[in-house]
């Protein structure tokens, strides 16, 4: 596990910013598992949890992903690249896995009916688009979980999804909302530059 003392949620939020250069220090499997376990606690509508992750360490695979990401250097340089994708087909095939086990059978059956009603009328593409919206929630959790353990990240949406899916053998119907390069920072990058709340907030009442 990481030797870095974990940051609190507020401290991780303040500290996090994109960093694109990393040291050669490896990211232990235990840290990746911890980050993804925390990421998996993100909320999703109907508790559908439609996100899936690929952990990429192999140098040749990272170079292929770098090509798919229009040459972004951090993809090839990071010790680990995390690829987030959706798979609503898998979710709908295993609905019972996302229904709370403490629910009585009548409510479990009602929940199955809700999934059938809500998603049965959607096309496969519409289902995956919906899942991608949920996966962006998980992405936020992932970035903060990584920062809390002292790992820098660079989230990316600038890539060719079809090429990423081909490199990793992902299902054709899947969406790929984001890739995240991750490792110990080799430099500080740029500090965060964000609007103050007076610029982005409107109060009613």
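Read the figures in this text as sums done on the coordinates, not as results from a lab. Nothing here was measured: the structure is a model prediction, and the numbers come from that model. Using ideal geometry, Cβ is built from the backbone for each residue, glycine included, and neighbour counts are taken over all protein chains shown.
Report the FRET efficiency, 1/(1 + (r/R0)^6), for residue 18 and residue 117, where r is their Cβ-Cβ distance and R0 is 30 Å, rounded to 0.05.
Working: r = 40 Å, r/R0 = 1.34.
The calculated FRET efficiency here is 0.15.
When the Kirkwood radius is taken over all Cα pairs of the range 1-156, what Stokes-Einstein diffusion coefficient follows at 10 °C and 1.306 mPa s, in µm²/s?
Numbers: Rh = 17.3 Å.
Translational diffusion coefficient: 92 µm²/s.
When peptides 121-128, 98-105 are sorted by average Cβ neighbour count within 10 Å, with the highest value leading, the order is 121-128, 98-105.
The C-alpha atoms of the chain define a longest principal axis, and helix 59-68 lies at about 70 degrees to it.
Which order do 35, 137 fall in if you start with the one that has the fewest other Cβ atoms within 10 Å?
Numbers: 35 29, 137 15.
In order of increasing Cβ crowding within 10 Å: 137, 35.
Where does helix 105-120 land angle-wise versus the long Cα axis of the chain, in degrees 0 to 90, nearest 10? Its long axis makes an angle of about 70 degrees.
Show me the ranking of peptides 83-96, 176-189 by mean Cβ neighbours inside 10 Å, starting with the highest.
Values: 83-96: 18.3, 176-189: 20.2.
Final packing ranking: 176-189, 83-96.
Compute the helix-to-body angle for 124-148: its Cα long axis versus the longest principal axis of the chain, expressed 0 to 90° and rounded to tens. That helix lies at roughly 40 degrees to the long axis. Remark: the residue 58-residue 172 segment gains 38.8 nm on full extension, using 0.36 nm per residue and subtracting the alpha carbon distance.
Before rounding to the nearest 500, sum -39500 (n - 2.57) across all DSSP H runs of length at least 4 in the chain and divide by the residue total; then give [θ] at 222 nm in deg cm²/dmol. Write out the running numbers ahead of the final one.
Numbers: 9 runs with 92 residues, N = 205.
Roughly -13500 deg cm²/dmol at 222 nm, from the helical runs in the chain.
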